[in-house]
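Please read the structure below before turning to the comments.
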Amino acid sequence: MERTFIALKPDTLQRGLVGDIINRFEKKGFQLLGLKLVQPPRELVEKHYEEHLGRPFYEGLVNYMTSGPIVASVWQGKNIISSSRSLLGATDPSKAAPGTIRGDLATQVGRNLVHASDSPVNAEREISLWFAAKEIQNWSRSLEPWINE
Ligand code: DAT
Ligand code: MG
């Protein structure tokens, strides 16, 4: 079982899409381990996106990500890292397939609603950046055998 970090960016909250997007992850069969509303300090967003430092969109990205509250979450599931990125769709919503979150709900790369970790190393790095260990619940799900045999 893998874990990943999912963030609902400020446009998700501004547009009232929090429930819709969380619902897609729940319906897929992923398990929620941690959830909170955060107004992230600039340094946290800079660390989160450090791989993009120096890119032309970096400043705008950090401004966007610090413009309002973010829903930070930790999820668990089989193959969840690549699977959650498939649920999100392409980084640029204008290229994201219909049926994906970005494909259905967004139009532009600078307002693409949601973040999902892209590798096991980044997932663990981002989870520990945004969450304290005690904020993550390791609970067992009664439905588990009906989702993963
Ligand atoms: P993803 O969020 O799909 O992992 P990424 O890690 O390459 O994509 O980029 C992080 C965020 O930066 C992305 O969600 C939106 C923004 N971004 C990426 N490429 C961009 C570009 N060419 N122009 C504007 N914003 C961009
Ligand atoms: Mg990324």
Task: Matching residues, the stretch 103-112, being of a type in the set (Val, Ile, Thr) and either within 18 Å of Asn79 (Cβ to Cβ) or within 16 Å of ligand 2 (Cβ to nearest atom) (or both) - done: Val109
Task: Residues of the stretch 4-43 satisfying the condition of being within 15 Å of Ile127 (Cα to Cα), of a type outside the set (Gly, Ala, Ser) and within 15 Å of ligand 1 (Cβ to nearest atom) - done: Thr4, Phe5, Ile6, Leu8, Pro40
Task: From Ser84, Ser73, residue being among the small types (Gly, Ala, Ser), crowded, with 19+ Cβ neighbours inside 10 Å and assigned to a strand (DSSP E or B) - done: Ser73
Task: Lone qualifier among Lys78, Lys47 - being in contact (Cβ under 8 Å) with a residue 40 or more places away in the chain, within 16 Å of ligand 2 (Cβ to nearest atom) and surrounded by fewer than 17 Cβ atoms within 10 Å (Cβ to Cβ) - done: Lys47
Open item on the list: Among the residues in the stretch 91-112, are any basic (Lys, Arg), near ligand 1 (Cβ under 10 Å from one of its atoms), farther than 16 Å from Leu32 by Cα and not in a helix (DSSP H, G or I)?
Closed with: no
- [ ] Name the single residue, out of those in the stretch 113-149 being aliphatic (A, V, I, L, M) and not in a helix (DSSP H, G or I), that is farthest from ligand 2 (Cβ to nearest atom).
- [x] Leu143
TODO: Using the structure shown, decide if Lys28 is away from ligand 2 (no atom under 14 Å from the Cβ), exposed (fewer than 15 other Cβ atoms within 10 Å of the Cβ) and basic (Lys, Arg).
DONE: no
Task: Residue selected from the stretch 50-70 under the condition touching a residue at least 24 places away in the same chain (Cβ under 8 Å) and aliphatic (A, V, I, L, M), by the criterion surrounded by the most Cβ atoms within 10 Å (Cβ to Cβ) - done: Ile70
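Only the coordinates and a few stated rules stand behind these numbers; no lab work does. All of these numbers come straight from a predicted model, not from anything done at the bench. In this analysis, Cβ positions are derived from the backbone assuming ideal geometry, glycine residues included, and neighbour counts consider all displayed protein chains.
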